[in-house]
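Note sheet for the following structure.
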Ligand code: 13P
C-alpha cells in the first residue's frame, strides 16, 4: 500500500562535479526501481543535480531549509529559492543539525510548515542517542519529536510526511539497529500518528529507517511491516552501493 522511499543523504560529501557524475551513473541502474528514489545534497549543487536528473526517476532534495521566506538571515536558504530551481524534497531536523546547528523541535515544526507551504515533501528525522536508549526513553523521545514536528498540520498534510527514524548511535558508526529494534520504534511512530490523526492516516505515512543501512542489511530492515524505506548516508555516496541497495 505504501510505496517505499529510498533517499540518499549525501551530507557534506561530493562536489558539483562528482555529484553530477554520480547521478548520471545512478540513473540507468535504478530506472526500473519500484521504490521512490531520492538524492538529497548540499544547496550549492542542487541546480546541477536537478539538470542531471531531468527525465529520470530520481527526485532531488535539499538537506535543510529555512523557515522564513526572505530577509536578513545571512547564510540561510529559503523555500522560494529552492522551489524556483525545482527541488522536490527537504530533509528537516537531521540529528547532525540538531546536534551541531541548534535545530530544535520547534524549528523543525516551523520548517515542516514552510515545506508544505511550498509543496515540498518533508523528510523529518527523529531518533535517540545511545544514552537516551540506555535510559529506556527511546519511544517516549521519538513520540515527543514526532508530535512537535507535526503540530498544526492537517490530516492531508500528515499523509505526505516522510518520517526518518535514525538512532543517533547508528549513524556513520557501522552499528545498525537490529531489524527488531528499528521495527519497534517505527511502529511506535506510526502508533503515535494514529493516536493523533487516526489509523487510516497513519497507515499512509511512510516511515524510513536510517543509520548504517547498506546493501547487506537493507533487505531485512525493509522487510519489516512498519519500515517503508531508508535514509542512507555512507552507502549512498557511490552509485554501485546505492543502486544495489535500491534493487
Ligand atoms: P549513515 O548511513 O552513514 O549511517 O548515515 C545515516 C544518515 O544519517 C542518513 O541521514
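Looking only at segment 111-128, decide whether some residue is free of Cβ contacts under 8 Å to residues at least 40 places away in the same chain and more than 19 Å from the chain's Cα centre (by Cα).
Going through segment 111-128, the residues free of Cβ contacts under 8 Å to residues at least 40 places away in the same chain turn out to be 117-119.
Filter once more, keeping what is more than 19 Å from the chain's Cα centre (by Cα): none.
No, every residue in segment 111-128 fails to be free of Cβ contacts under 8 Å to residues at least 40 places away in the same chain and more than 19 Å from the chain's Cα centre (by Cα).
If you go through segment 225-236 one residue at a time, how many are outside any helix (DSSP H, G or I) and in contact with a strand residue (DSSP E or B) (Cβ under 8 Å, 6 or more places away or on another chain)? Give the steps one after another, and end with the answer.
So the first thing to find is which residues in segment 225-236 are outside any helix (DSSP H, G or I), and the list is 225-233.
Within this subset, residues satisfying the condition of being in contact with a strand residue (DSSP E or B) (Cβ under 8 Å, 6 or more places away or on another chain) are 226-233.
The number of residues fulfilling the criteria is 8.
Only one of these is surrounded by fewer than 22 Cβ atoms within 10 Å (Cβ to Cβ) and within 16 Å of the ligand (Cβ to nearest atom): 185, 137, 168, 162. Name it.
Details: 185 fails: surrounded by fewer than 22 Cβ atoms within 10 Å (Cβ to Cβ); 137 fails: within 16 Å of the ligand (Cβ to nearest atom); 162 fails: surrounded by fewer than 22 Cβ atoms within 10 Å (Cβ to Cβ).
Matching residue, one of 185, 137, 168, 162: 168.
Quick one: how many residues across segment 52-79 are in contact (Cβ under 8 Å) with a residue 12 or more places away in the chain and over 21 Å from residue 97 (Cα atoms)?
Matching residues across segment 52-79 total 6.
Name the residues in segment 171-182 that are more than 11 Å from the ligand (Cβ to nearest atom) and either in a helix (DSSP H, G or I) or in contact (Cβ under 8 Å) with a residue 40 or more places away in the chain (or both), would you?
Residues of segment 171-182 that are more than 11 Å from the ligand (Cβ to nearest atom), as a first pass: 178-182.
Those that are more than 11 Å from the ligand (Cβ to nearest atom) and either in a helix (DSSP H, G or I) or in contact (Cβ under 8 Å) with a residue 40 or more places away in the chain (or both): 179, 180, 181, 182.
Could you check residue 132 against (1) farther than 22 Å from residue 10 by Cβ; (2) assigned to a helix (DSSP H, G or I); (3) within 16 Å of the ligand (Cβ to nearest atom); (4) touching a helix residue (DSSP H, G or I) at 6+ places or on another chain (Cβ under 6 Å) and say which number it fails?
Among (1) farther than 22 Å from residue 10 by Cβ; (2) assigned to a helix (DSSP H, G or I); (3) within 16 Å of the ligand (Cβ to nearest atom); (4) touching a helix residue (DSSP H, G or I) at 6+ places or on another chain (Cβ under 6 Å), the lone unmet condition for residue 132 is (3).
Just one of the numbered conditions (1) exposed (fewer than 14 other Cβ atoms within 10 Å of the Cβ); (2) within 19 Å of the chain's Cα centre (by Cα); (3) over 23 Å from residue 210 (Cβ atoms) is not true of residue 71; which one?
Failed condition: (2).
For segment 206-238, name all the residues that are surrounded by 17 or more Cβ atoms within 10 Å (Cβ to Cβ) and away from the ligand (no atom under 11 Å from the Cβ).
Those that are surrounded by 17 or more Cβ atoms within 10 Å (Cβ to Cβ) and away from the ligand (no atom under 11 Å from the Cβ): 206, 207, 221, 222, 224, 226, 227, 228, 229.
Which residue out of 241, 203, 191 is modelled with pLDDT of 95 or more and within 12 Å of the ligand (Cβ to nearest atom)? Spell out the reasoning first.
Details: 203 fails: within 12 Å of the ligand (Cβ to nearest atom); 191 fails: within 12 Å of the ligand (Cβ to nearest atom).
Only one candidate qualifies: 241.
The values are calculated or read from the model by the stated rules, or taken from the named source; none is laboratory data. Fair warning: this is a prediction, and the values are worked out from it, not measured in the lab. Here the Cβ is made from the backbone with ideal geometry for all residues, glycine too, and neighbour counts use every protein chain on show.
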